[in-house]
Amino acid sequence: MGFLSSALRIAEKDLKAEFRRAYEILSILVFSVSSILVCSFAWGSTLANRADVAAAALWVILFFASVLAFTTSFTREMDRGTLGGLKTLPCSPSAVLFGKILYAIVLLFLVESVLLVFSSVFLNLRLSERLVEFWLIFFIGMVDLAFAGSFVSGLVMFSEGKTLLLSFLLFPVCMPALIPSVLATEKIVNGSGMVDLIPELRLLFAFLLSITAVAILTFKFVLEE
Amino acid sequence: MTVAVETIKVSKQYGPLWALKSVSLRINQGESVAILGPNGAGKTTIMKILATHVSPSSGAVNIFGKNAFKHGEDIRKRIGYAAHESFLYDELTIEENLSFYGKLFSAGLNSANPIIESLNLTRWYRTQVSQLSHGLRKRADITRALIHSPDLILLDELFEGLDEKTCNLLVDYFRNQQSKTVVISSHSIEWAKKLCARGVFLDRGEIAQDVNFR
């Protein structure tokens, strides 16, 4: 079985298992929606004129929601003893990691969709005006988060206090992706077009390439006890 | 006789602790071998090394004539490994778990049918793994390990926590797998003798005895 089909099977299995424990997805969604509501009530009318605040709030919420999602990635396989099952598979460690990344992308896409709908209502983000730009930045930012988060989740799975360590490590690792995402979102909210987003898009792609290279080169060693 | 498994001076160190010390072992194709010994003897470590889950600190491991760690992906296609803990996903049914592993090993679900029947799992085939007892879960996990019809079967702590009836069922099943190489690890010499022709006794990471049971 090829690299991509192995990764797809792993992602499919993870999603099936995840949707059987719907309470975890629900808790991530409830966290995201309540955070938006809290921001909306706390900042009220000032949000209408503060694109920077809305953009930052959105990404901070997405980042914390993603931390919750990544705790269900490799760390759960480790806790339940099913990691050994993944190691028995006749596929490369990178295929296992890529499967986990695909699973994270689907999960974060779901969270992001809910988040954007609620943000347009409660954070006064006028999504309809710049929908393509919004989705582009959110999609690439989310893919960056999924790559970094899945890799860090694998990195910490053998350590004690892995859940705490995951959040500690994820923040500095994701910083190079979060900053351009926030800046690009702010530009979009202020009415900038696709051309103005090129510097941030370059940074996001550079981060994606770097984390992919690091993951491919090192994940074989990460997967071993 | 073709050599299925060969370990050459294999050692494994975890921090300051030596789990295995210069273990050299040859297992021929079609042979059934029990790795025996007390807790901490290194049974699970050697099983993990043979399954290519853990690489040794020093020494070489050849499986079917190939270096197990250089050709890991190819070798794993020919290995069926059931560890001490189950590799099945609690949220999925036995069928879904077998389907997942089967697809990745390019084996159809049909190939699991004879094993399911032999291990009396037909009734629980569509039951979620979280609802199974320890014995049933173990049997389902063994089915998972055998779904791709591996040439080398590695079974860690095969008889642990199982009742006599289930142990007999497993012994009968594996004694019929004569073309396969079966390596089990166990505390129980009695059950190991029923299943295996050879016993390798480990003590503090070293081979203490290598005896023929037949």
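Here is a list: A:F147, A:F118, A:F74. Which entry is over 30 Å from B:F69 (Cα atoms) and out of contact with any Phe, Trp or Tyr (no Cβ under 7 Å at 6 or more places or on another chain)? The match here is A:F118. If the condition is being within 14 Å of another protein chain (Cβ to nearest Cβ) and either within 20 Å of the chain's Cα centre (by Cα) or within 30 Å of A:E133 (Cα to Cα) (or both), then the stretch A:198-221 contributes only A:F219.
Among the residues of the stretch A:185-225 satisfying the criterion of being more than 30 Å from B:K12 (Cα to Cα) and of a type in the set (V, I, T), which is modelled with the lowest pLDDT? Step by step, filter the stretch A:185-225, then rank; the result is A:V189. Sort out which residues of the stretch B:81-128 are at the interface with chain A (Cβ under 10 Å from one of its Cβ atoms), closer than 28 Å to B:K43 by Cβ, among the polar types (S, T, N, Q) and not in a helix (DSSP H, G or I), and write them in order of number. Result: B:S86, single match. Determine whether the stretch A:135-142 contains at least one residue that is in contact (Cβ under 8 Å) with a residue 40 or more places away in the chain, outside any helix (DSSP H, G or I) and surrounded by 15 or more Cβ atoms within 10 Å (Cβ to Cβ). Looking for residues that are in contact (Cβ under 8 Å) with a residue 40 or more places away in the chain, outside any helix (DSSP H, G or I) and surrounded by 15 or more Cβ atoms within 10 Å (Cβ to Cβ), one finds none in the stretch A:135-142, hence no. Scanning the stretch A:145-165 for residues that are part of a helix (DSSP H, G or I) and surrounded by fewer than 23 Cβ atoms within 10 Å (Cβ to Cβ) returns A:L155, A:K162, A:T163, A:L164, A:L165. Counting only residues that are within 11 Å of B:A34 (Cα to Cα) and not charged (D, E, K, R), the stretch B:149-180 holds 3 of them. The residue pairs whose first member lies in the stretch A:1-18 and is at the interface with chain B (Cβ under 10 Å from one of its Cβ atoms) and closer than 15 Å to B:F105 by Cα, whose second member is in a helix (DSSP H, G or I) and hydroxyl-bearing (S, T, Y), and whose beta carbons are closer than 8 Å, counting only pairs six or more residues apart or on different chains, are A:I10/A:Y103.
Picking from residues in the stretch A:116-134 that are more than 19 Å from A:I36 (Cα to Cα) and among the charged types (D, E, K, R), the one that is surrounded by the fewest Cβ atoms within 10 Å (Cβ to Cβ) is A:E129.
When A:T82, A:T71 are screened for being within 14 Å of chain B (Cβ to nearest Cβ) and polar (S, T, N, Q), only A:T82 passes. Can you confirm whether B:K70 is more than 30 Å from B:R214 (Cα to Cα) and facing chain A (nearest Cβ under 8 Å)? Against the criterion (more than 30 Å from B:R214 (Cα to Cα) and facing chain A (nearest Cβ under 8 Å)), B:K70 does not qualify.
So which residues in the stretch B:53-76 are of a type in the set (A, V, I, L, M), modelled with pLDDT of 90 or more and part of a loop (DSSP other than H, G, I, E, B), if there are any at all? Before you say what the answer is, go through the steps one by one.
Going through the stretch B:53-76, the residues of a type in the set (A, V, I, L, M) turn out to be B:54, B:60-61, B:63, B:68, B:75.
Keeping just the survivors that are modelled with pLDDT of 90 or more gives B:54, B:60-61, B:63, B:75.
Hit for the stretch B:53-76 is B:V54, nothing else.
Considering the stretch B:35-60 alone, what residues qualify as being within 14 Å of chain A (Cβ to nearest Cβ) and either within 17 Å of the chain's Cα centre (by Cα) or in contact (Cβ under 8 Å) with a residue 60 or more places away in the chain (or both)? Correct list: B:T44, B:T45, B:M47, B:K48, B:I49, B:L50, B:A51, B:T52, B:H53, B:V54, B:S55. Every condition in (1) in contact with a helix residue (DSSP H, G or I) (Cβ under 6 Å, 6 or more places away or on another chain); (2) in contact (Cβ under 8 Å) with a residue 60 or more places away in the chain; (3) not small (G, A, S) holds for A:L108 except the one numbered (2).
The values are calculated or read from the model by the stated rules, or taken from the named source; none is laboratory data. Computed from a prediction, not measured in an experiment: that's the story for all the values here. Every residue, glycine among them, receives a Cβ derived from its backbone with ideal geometry; neighbour counts consider all protein chains shown.
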